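Take a look at the structure below.
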Amino acid sequence: MGTPGAGKGTQAKLLADRFGASHISTGDVLRDAVRGGSPLGLEAKRYMEQGLLVPDDVVIGIVAERLDAADCQGGFLLDGFPRTVAQAKALDALLARRGQPLGGVLLIALPREEALGRLAGRRVCAQCGAMSQATVAPTGRCDRCGGRLVQRADDREETVRHRMEIYERETAPVLEHYRAAGLLREIDGTGSREDVFQRVAASV
Ligand code: AMP
């Protein structure tokens, strides 16, 4: 969990690699669908471009289907889900049915101004989808595949403002849901990604 720009995706990938867990990012699934032009992608695009949440039933369906895949049976890490209390309750029900309770919920906490700065500098590879910062990729090319780096449509200033508001309104209450369940662990998200990962790894 964390505001847009807090570093969820970066830390989730590192954590999933370290523990050999499957990384499920609803944002990545939706972006792939948009790139592929599938019916799911066409529906999701309208919401994502405006910084709005994709409807609960759509994302809950994605997660339910993904959890059934063979690679999730040994453990998984959810990134960017749940983002509403309805999604959190649906996840509780799904996991209860599977007899597979959540081990913990990590909240990466970053001051809003810092998150806004990171989002403004964030670039994504148009070819492979890898994320980087404009300052560390001054050539404008992806250091993995050489693809062109572009700004994510939903990282533009106006859209980011929407996403932050929606986080406060829809997602912040999810933190209370997990705090009440004794599952929430708060991590200081400031500093380099290696610094943050040390704290993340120490918390699990
Ligand atoms: P992310 O990459 O996690 O920042 O997600 C990018 C966008 O995908 C969000 O701004 C939403 O439009 C959509 N999205 C991702 N995850 C969810 C979710 N759990 N619920 C609703 N919309 C989502």
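The values are calculated or read from the model by the stated rules, or taken from the named source; none is laboratory data. Note that the structure is predicted; figures quoted are calculated from it, not measured. Note that each Cβ is placed from the backbone with ideal geometry, even for glycine, and that neighbours are counted across all protein chains shown. Accessible surface areas use protein heavy atoms only, side chains included; no ligands, DNA or RNA. Shrake-Rupley method; radii C 1.70, N 1.55, O 1.52, S 1.80 Å.
Listing for the model above:
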quantity	calculated
Hits in the stretch 64-88 - residues which are assigned to a helix (DSSP H, G or I), within 13 Å of the ligand (Cβ to nearest atom) and either touching a Phe, Trp or Tyr at 6+ places or on another chain (Cβ under 8 Å) or open to solvent by 60 Å² or more (accessible area, probe 1.4 Å) (or both)	R66, Q87, A88
A109 vs. criteria touching a residue at least 24 places away in the same chain (Cβ under 8 Å), small (G, A, S) and touching a helix residue (DSSP H, G or I) at 6+ places or on another chain (Cβ under 9 Å)	no
Residues satisfying the stated conditions in the stretch 9-33, i.e. surrounded by 21 or more Cβ atoms within 10 Å (Cβ to Cβ) and near the ligand (Cβ under 7 Å from one of its atoms)	T26, L30
Of residues in the stretch 34-56 being assigned to a helix (DSSP H, G or I) and open to solvent by less than 40 Å² (accessible area, probe 1.4 Å), the one nearest to the ligand (Cβ to nearest atom)	M48
Matching residues in the stretch 134-143 - criterion: being at pLDDT 85 or above and surrounded by 15 or more Cβ atoms within 10 Å (Cβ to Cβ)	R141, C142
Residue in the stretch 173-180 that is small (G, A, S) and surrounded by 12 or more Cβ atoms within 10 Å (Cβ to Cβ) present	no
Sole residue being buried (at least 18 other Cβ atoms within 10 Å of the Cβ) and in contact with a Gly (Cβ under 8 Å, 6 or more places away or on another chain), chosen from L107, L91	L107
Selection status of D28, closer than 22 Å to L110 by Cα and of a type outside the set (V, I, T)	yes
